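Each remark here refers to the structure printed beneath this line.
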Amino acid sequence: MRIRVSHFILFFLCFSWTAAASEGSVTVTAAWSRATAPGASTAVVYLRLENQSNLTVTVEGVETSMDAKARIHKTVSKEGVMKMTPVKELSLAPGEQVEFKPGGLHVMLMGLTRLLDEGETFPIRVTFLKHPDVRADVLVGTAGQMKAP
Ligand SMILES: [Cu+2]
């Protein structure tokens, strides 16, 4: 328990430290997830990423407050079978918008140690190679949610 609490505090410290520099240029909006069922250790997060700066930005990774690994995946159809593959590089040109949505790009949370409850929110942070981190709140919808709640 003690480790978990300190991890959480550290997470928020990092957030407040970077918040001031992240104004404007790249935004993360409409972040959402689905409520999980007992026994589930994975969840998926969707969001909208928009580059309003005049430079191309490259996503480095994603972090959340959850005690779970967060990885960017893409769902692809291979010979009629839906499969998830890790996304190695994700860059956004100036003005470009990328939607993470069911059947496409998503953030996979793996090794979750607790349930996601409908109606709760938790912070997510997208990190970039040469741009300050961008933070957003993920809203948890129902288990069958197919678009932002
Ligand atoms: Cu996935």
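Read-outs: derived from the displayed coordinates by stated rules, not from any lab. Since this is a predicted model, take the numbers as computed values, not measurements. Cβ placement follows ideal geometry from the backbone for every residue including glycine, while neighbour counts extend to all protein chains displayed.
Less than 21 Å apart at the alpha-carbon level, and either on another chain or at least 8 residues along: which lysines does that give for LYS69?
Qualifying lysines at Cα under 21 Å: LYS83, LYS88, LYS101.
What GluC sites (Glu not before Pro) in the range 87-116 are in a loop by DSSP, with at most 16 other Cβ atoms within 10 Å of the Cβ? Working shown, then result.
Values: sites: GLU89, GLU96, GLU99; in loops: GLU89, GLU96.
Hits after loop and neighbour filter: GLU89, GLU96.
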